[in-house]
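Report on the following structure.
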Amino acid sequence: MGDERNGRICVLLADSHAPTRAGLRLALERGGFAVCADAADADGAVEAAERERPQVCLLDVRLHGGGIAAAARITAKLPETAVVMLAAAEDDLDLFDALRAGASGYLSKDTNPERLPAILGGVLRGEAALSRRLAARVIAEFRARDRRQVAIADASGVALTGREGEVLDLMLQGLGTRDIARRLFIAPGTVRTHVAAVLRKLHVPDREAARRLLSR
């Protein structure tokens, strides 16, 4: 973990909008944090994180080059660094993608900047930085993840795990193995394992047969 600057927690800021970065920096420094670096794009954020090894990275979801992709790269290389995403609007798909990428929080840009030091301090103590609505959404998804039922033509149902359901949804959209792996931040071999399990449960020989079965 990065060294503290004069006893202060080190934060990396990444946002494509310079005035936003300046406002966040001011709020965090007033709250006792040290902004060790800032970046305007995903590659710059990853490079700065590797160089500075901050305790926390605050990344814009819509960062040029992909904020969530940057989060995945940072958490893979620096698992001890906490990552919190900032979004202009709360979006469930972005939320779950961010969590899969290893983020510890997902905040609206409407969040009062003066609250950020307390929120990030909580993240470093192991708390999740989520609004009440998003926290409820995560709980609902967790409860449903092992109860996914896929209806087929004869009105019977096939039970899939949450991950199998996600892979099936993307497969039905026409995505290939590598695209699914990138979308879910998992290895292509893991995707193939889940696809095989889905095909086995659906009693079909291949992906095209699964699409035909579920499109009836």
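Compute the distance from the alpha-carbon center of the stretch 83-112 to that of the stretch 154-216, in whole Å.
26
Please state the charge dipole magnitude for the chain, taken about the Cα centre, from unit charges on C-beta atoms (+1 on K and R, -1 on D and E), reported in debye and rounded to the nearest 20. List each step's numbers first, then the result.
On the way: 32 positive and 29 negative charges, 141 e Å.
Its charge dipole is roughly 680 debye.
Where does each of Ser16, Ser215 land when they are ranked from fewest to most other beta-carbon atoms within 10 angstrom? Write down the numbers at each step before the final one.
Numbers: Ser16 16, Ser215 8.
Fewest-to-most ranking of Ser16, Ser215: Ser215, Ser16.
Need the full-extension length gain, Glu208 to Glu90, defined as separation in residues times 0.36 nm minus the C-alpha distance. One decimal, nm. Before the final figure, lay out the partial values.
On the way: separation 118, 0.36 × 118 = 42.48 nm, distance 3.45 nm.
Full extension of this stretch gives 39.0 nm more.
Could you work out how far apart the two model spin labels at Arg51 and Thr111 are, taking each label as a point 7 Å from the Cα in the direction of the beta carbon, and quote it in nm?
Each label point is offset 7 Å from its Cα along the Cβ direction, giving 2.6 nm.
Across the chain, what fraction of all alpha-carbon pairs, as a whole percent, falls in each successive 10 Å bin from zero upward?
Percent of Cα pairs in each bin: 8, 31, 29, 18, 11, 4, 0.
Rounded to the nearest 500, what is the chain's calculated 222 nm mean residue ellipticity when only DSSP H runs of at least 4 contribute -39500 (n - 2.57) each, over all residues?
Working: 10 runs with 108 residues, N = 216.
Mean residue ellipticity, 222 nm, calculated: -15000 deg cm²/dmol.
Which of Gly122, Leu13, Gly105 sits farthest toward the positive end of the charge dipole of the stretch 10-141, with +1 on the Cβ of Lys and Arg and -1 on the Cβ of Asp and Glu?
So the residue we want is Gly122.
Describe numerically, in nm with one decimal, the distance between label points set 7 Å from Cα along Cα→Cβ at Glu29 and at Leu172.
5.2
Since every read-out is calculated from the coordinates, none of them should be taken as a lab result. On a predicted model such as this, the values are computed, not experimentally measured, just so you know. All Cβ positions, glycine included, derive from the backbone under ideal geometry; neighbour counts span all protein chains shown.
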